[in-house]
1. Per residue of region 146-155, in order, report the coupling 6.51 cos²θ - 1.76 cosθ + 1.60 (Karplus, θ = phi - 60°) as ³J(HN,Hα) in whole Hz, putting x for Gly and Pro.
2. Once phi is turned into θ = phi - 60°, what whole-Hz ³J(HN,Hα) does the Karplus curve with 6.51, -1.76 and 1.60 give for every residue of region 60-71, x standing for Gly and Pro?
3. Sequence neighbours fewer than 8 away in the same chain don't count; with that in mind, list the aspartates and glutamates whose C-alpha is under 12 Å from Lys244.
4. Go through Phe233, Phe222, Phe102 and list them by solvent-accessible area, largest first, probe radius 1.4 Å.
5. Counting pairwise Cα distances across the chain, what percent come out greater than 39 angstrom?
6. In this model, which of Lys195/Lys390; Lys228/Lys325; Lys227/Lys364; Lys160/Lys238 are farther than 29 Å apart at the alpha-carbon?
7. Determine which aspartates and glutamates satisfy two conditions relative to Lys94: a Cα distance under 19 Å, and not lying fewer than 8 residues away in the same chain.
8. Which aspartates and glutamates have a Cα lying under 12 Å from the Cα of Lys77, excluding residues fewer than 8 positions away in the same chain?
Amino acid sequence: MSDNFDVVIIGGGPGGYVAAIRAAQLGLSVACVEMRGALGGTCLNIGCMPSKALLHASELFEEAGHGMEKFGIKCGKPAIDIARLMASKDETVKALTDGVAFLLKKNKVEYIEGRGSIPAAGSVNVALTAGGERMLAAKNIVIATGSDVATLPGIDIDEKQIVSSTGALSLPKVPKHLVVIGGGVIGLELGSVWKRLGADVTVIEFMDRITPEMDGEVSKTFARILKKQGFTFNLKSKVTGVKKTKTTLTVTFEPAAGGEAKSVKCDRVLVAVGRKPYTEGLGLKEVGVNMTDRGQVEIDEHFQTSVKGIYAIGDVVRGAMLAHKAEDEGTAVAEIIAGFAGHVNYDAIPGVIYTMPEVASVGKSEEALKADGVAYTVGKFPFTANSRAKVNRQTDGFVKILSCAASDKILGAHIIGADAGNMIAELTLAVEKGLTAEDIAYCCHAHPTETEAVREAAMATDGRAVHM
Ligand code: NAI
């Protein structure tokens, strides 16, 4: 067993394991160091995958309870077996993380279990999970250590009563009242899970709207739909503390601009106010790797840090904290290390919120285009006018395409609708390849599918939607 590698990757999440496989495909000798005890990072272990397992199951539960009678299907009042639900989620996660281990093996990447640190450029020390240490010589090092939950001062996440996303994925019973701090992606996805399973859900959000980064019109529609589902929102509100007794939590909050405090009682609090880059114990400062003032590893356009031969990708660097962004950076950095021209187009990275309906976007929002002074055209098409959505009785939402007023190029696209996460792929390709709204409008879309709404929205940028 050699301790010399062309590339040593620290972190086995979507950024790290993809970089490892791509580097190995390109003929490099690769090791991937991971301390969690399983590959796949936050995404597979305590993020995207377990949350999607719970979102899918809770959606079935909601459908069985409320959504089927209209189709003439009567199945009585469904009951939830939380232990089985959690076991099913854990089985899925295990199969997926084992799958990544298989892929590393297949590609001859050495998976080293332990905590990696960088004592000097060119070497990685691994405190092995099994005990002892192993010093690796690495021509190139890739930091792909991801991110960790951000907390609020004075609020102690115990993962029982006050939970982060990690605890919220494993609650042993349905809360009576869940207060969610932060109306972002995690708060709304996990809030949806527990709402569907029977909890009252109150969201406290600092900004004047939920998912503040999103296109304003989409965010407004999204909030309206979630309110209809029973969510309670307190916007422009700042949480000042959580008082804890054995069975009750009292969350106090006040207007973000200052003013009279209010409080709400509940039995669980989910803190979902963002995530922060995870660089603890890597020894970055000592080895001379520069950090930004936001705690991210500073990189150049080739993912190289201030130290030659040390690269960084994924949640530890600038940009959206998304698994697919990290994957793309993983591919790009491997290709750069192997001597090719790796590249990521940050304008064409989709974002999806897996609620019901889903919300998906790519490129610019209307607000961003206005701020940049870009002249644009809006094409919008509602799912109420799409035949398949009507048949499925899933008519909430719309497709909105923003195209350049001068060139017709698609600059941004936003979908709120049942299958938005899949539908955004076509528009991501359009943004990536510089397609125009007319290109989409003249492309045949299968009937009857919800994707016809995408085509109609493209047609609507030129005032010629047919079914509206
Ligand atoms: P987020 O950045 O999406 O949302 C955090 C929200 O908390 C923001 O709306 C912010 O204004 C609010 N906030 C901050 N401080 C607050 C305070 N003191 N009181 C009240 N509100 C406060 O972060 P989130 O939801 O924690 O997710 C973390 C990361 O994980 C994000 O980068 C997200 O993109 C990623 N993620 C992506 C998913 C997906 O792609 N479907 C799923 C889950 C997470």
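1. x, 9, 10, 4, 8, 10, 10, x, x, 10
2. 4, 4, 4, 4, 4, x, 10, x, 9, 4, 4, 9
3. Lys244 reaches Asp156, Asp158, Asp267.
4. Phe102, Phe233, Phe222
5. Everything past 39 Å amounts to 28 percent.
6. Lys228/Lys325
7. Glu34, Glu113
8. Candidates past the 8-residue exclusion: Glu62, Glu63, Glu69.
The values are calculated or read from the model by the stated rules, or taken from the named source; none is laboratory data. Note that the structure is predicted; figures quoted are calculated from it, not measured. Calculation scope for accessible area: heavy atoms of the full protein, side chains included, ligands and nucleic acids excluded. Shrake-Rupley method; radii C 1.70, N 1.55, O 1.52, S 1.80 Å.
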